[in-house]
Amino acid sequence: MRRSAAHAVETMTPSDANPAQDGAPEIPARLELTALRHALLRVHKALLEMERRDYERQHGRVNTGELFRLVVDHPQFAWLHSISEFVVRIDEILDTEEPLTPAVARGIYTVAGKMFTPLESGDALQKRYFEALQRDPAVVLEHAELARLFAKASEESGPA
């Protein structure tokens with residue numbers, strides 16, 4: 001049975017992401033994870049702005065408070081929740097007192113890579129992300145940065 005990227009996010013915990021302490025310095029892993037977090041926040045912001053523009057085209061302008069309510073409650077924005085949840089889980093891992101090893105960072109990058117693989121026939125997030133990349137140049141620009149981080153992480157981890 002194939003697990004969706006969203007399921008991986010829902011079930012990921014700090015202890016799951018840190019199965020073994022390999023004794024490696026944590027500073028590079030922490031920097032890599034922080035860079036991923038920032039890139040994900042920029043992608044999320046671009047996606048949120050895209051959805052806001054689409055909503056406002058149909059329903060008129062919304063203020064910040066209305067937008068917050070829409071993001072939390074409206075079905076048009078619901079697909080963005082798994083991204084928010086994933087960033088929160090990264091924050092939890094960054095905030096933990098346990099050492100952050102390269103293995104932990106690689107595991108998180110692997111989950112993020114699956115989530116942000118735009119597929120026309122993928123899970124719900126991958127499909128919506130694919131569609132967003134077809135519609136919005138700002139999302140494409142932020143995706144390019146995310147792809148660069150994934151490529152860099154892949155090069156640094158070496159062949160599987």
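Every read-out reported here was derived from the displayed coordinates using simple, explicitly stated rules and does not represent laboratory data. Because the structure is predicted, anything quoted here is derived from the model rather than measured. Neighbour counts run over all protein chains shown; Cβ positions are idealised from the backbone, glycine included.
Shown for Ile83, Ile108: other C-beta atoms within 10 Å of each C-beta, ranked fewest to most, produce the order Ile83, Ile108.
Taking 0.36 nm per residue of separation and subtracting the current Cα-Cα distance, fully stretching the chain between Val140 and Ser121 would add 5.0 nm. Each of Thr110, Thr64, Thr101 has some number of other Cβ atoms within 10 Å of its Cβ, and from fewest to most they run Thr64, Thr110, Thr101.
For Arg53 and Thr96, what is the calculated FRET efficiency with R₀ set at 41 Å and r taken between the beta-carbons, to the nearest 0.05? Efficiency, from the Cβ-Cβ distance: 0.65.
Residue exposure proxy: Arg69, Arg89, ordered by other Cβ atoms within 10 angstrom of their Cβ from fewest to most, comes out as Arg69, Arg89.
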